[in-house]
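Engineer: Can you read through this structure? Questions will come right after.
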Amino acid sequence: MSSLLEHSFVRTLALERVVAPIATHLCYLVLLCDIMDDESELFSRLEAAALEVVKATDNMAAVVSRLISNTEDEVLHMEMSSLLEPLSVSGRHVLLAAQKLSIQPNLPEHREELITATQNVFLGVLKVLLVADSAVVRKVLAAADRVLESLSKLGSSLDIKSLLRSFKDFSESLLNLNDLTVDRANSLLDPRQTKQLLDSLETLRRCISMLHTAMCTIIKHPTSDQAQAAKRFILDKIQTTVSDISVTLRSDGHNGPLGPYGFYTGRHHSLLHLLDNCSSALIQDSDFDSMVRDIVFHAMVVANCSRRESQQRIVSHCRHILHFWSDIKRILKSSEESDDTELRSNKTCLLLIQQIQILNKVLKTAVLHQVLETFLAAPCTANDLLGTVRRLLDTEATETMDLTFLQPAVEDFISSTDCIIQVATFVSAVAEDAKSVESVENSQACLVRLRGDESATGYSK
């Protein structure tokens with residue numbers, strides 16, 4: 001996977017548009033609480049960010065409440081009902097924690113409480129969205145089951161009258177599946193899954209005429225081997241295709257790179273291109289929140305594994321990016337003009353572009369340092385393990401040999417492998433072309449398999 005940001009649970013555009021701004025606000029909150037001091041400006045920014053989280057959770061709770069009152073899906077009603085109150089409380093908890101930190105900024109427990117509260121909000125929102133999304137998938141899967149049931153009845157038809165009746169039921173159930181699947185396909189973020197679903201629907205459409213012909217033929221010529229073979233072929237084809245739709249709907253997707261760049265590089269280029277235009281309409285209609293979130297989240301993951309100097313620089317630039325992002329969101333929300341005068345006059349887009357470009361350089365430098373440090377240390381760790389194994393082979397074998405002395409060397413080697421796998425993820429994310437992404441991820445996959453073999457030896461932690 002090119003980045004830890006490619007959340008398999010965020011599969012649709014609708015989910016992404018809800019998750020992205022909340023996740024970005026929460027990240028901004030956490031970064032702000034790390035620099036809290038006696039500056040009133042920081043206090044006001046912290047509380048303002050917390051209020052945005054409260055508004056978001058209140059809106060989400062209102063949507064959940066309406067959904068519960070209107071749904072006939074018992075599973076959805078039961079699961080949503082248990083999430084409603086915790087979701088409402090979690091947003092208020094964030095605001096209270098932020099206010100406590102503003103009053104006593106030097107107490108570490110207040111920082112920890114705010115971070116915990118933000119995590120609970122994010123998890124609560126995700127649970128709600130996933131429950132709603134699961135209900136959508138269940139509806140399509142139920143439609144697929146109805147198609148298979150009607151197909152079975154159609155395949156058992158013994159005369160033209162029953163065939164026509166069964167074919168009518170089959171056509172209605174297939175039309176329902178088609179409509180639901182098209183809606184689902186168009187909502188998915190992964191274009192490969194969308195293509196798979198639409199291709200399956202196209203296959204089903206092409207099968208209809210052959211199904212009708214084969215069934216009419218088998219009724220008129222029940223002893224014909226050719227007619228029997230045609231019937232089996234088309235029934236199996238339709239059944240397999242409907243099953244393929246169900247498998248795709250249940251799949252997480254996200255297998256391999258989606259574009260010509262690594263994940264981070266692709267988001268970086270897209271965000272810069274969007275900001276270059278500095279158009280309110282374009283920004284509002286785009287996945288602006290998602291791009292900012294993805295860049296910041298990835299940078300924070302890299303920072304967490306970097307030397308302290310790089311870590312501080314990355315975090316500082318992430319904080320500035322989120323500050324300018326927040327300003328742009330405020331301008332877009334408050335401005336009633338159709339033109340881009342206010343957005344351009346305060347140069348917020350330009351300042352955000354500058355910070356994104358600086359972050360890009362700092363992040364790539366941090367990744368390069370990690371590559372050098374990891375790959376300089378790896379041969380030493382491998383040589384230590386090989387040396388230990390050679391000494392073992394040089395000694396005389398006995399019936400009872402204590403191999404526990406091997407454990408430190410094996411554990412060090414496994415730890416080194418884990419570091420290489422992690423660094424490979426960072427390298428893949430910043431790759432500038434699809435060939436590099438594929439090369440790095442193929443090598444990473446080999447290491448992951450080796451890592452599994454090493455763990456199987458019983459020496460891993």
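No lab work stands behind these numbers, since they all come straight from the coordinates. These numbers were taken from a predicted model, which means no experiment stands behind them. Virtual Cβ from ideal backbone geometry, glycine too; neighbours counted across all protein chains shown.
Engineer: Pop the C-beta distance of R17 and L272 into the FRET formula with R0 = 30 Å and round what comes out to the nearest 0.05.
Structural biologist: Rounded to the nearest 0.05, the efficiency is 0.90.
Engineer: Under a plain spin-label model, where a point goes 7 Å from the Cα along Cα-to-Cβ, how far apart in nm are Q226 and L164?
Structural biologist: The modelled label-to-label distance comes out at 2.7 nm.
Engineer: Would you mind checking K55/K195; K195/K435; K195/K231; K333/K361 for any pair whose Cα atoms are more than 25 angstrom apart?
Structural biologist: K55/K195; K195/K231; K333/K361
Engineer: What residues have an amide H closer than 5 Å to that of T12, excluding those fewer than 5 places away on the same chain, when H is modeled at 1.01 Å from N in the peptide plane?
Structural biologist: Amide H neighbours of T12: L189.
Engineer: Please find the FRET efficiency linking C216 to D73, where r is the Cβ-Cβ separation and R0 is fixed at 51 Å, and quote it to the nearest 0.05.
Structural biologist: After rounding to 0.05, the efficiency reads 0.85.
Engineer: Would you mind computing, in nm to one decimal, how far apart the modelled labels at L282 and Q99 are, each placed 7 Å from Cα along Cα→Cβ?
Structural biologist: 4.2 nm
Engineer: Roughly what would the spin-label model give for L141 and L198, points 7 Å off Cα along C-beta, in nm?
Structural biologist: Once both label points are built, they end up 2.5 nm from each other.
Engineer: Still on this structure: For S134 and K361, what is the calculated FRET efficiency with R₀ set at 35 Å and r taken between the beta-carbons, to the nearest 0.05?
Structural biologist: Once rounded, the FRET efficiency stands at 0.25.
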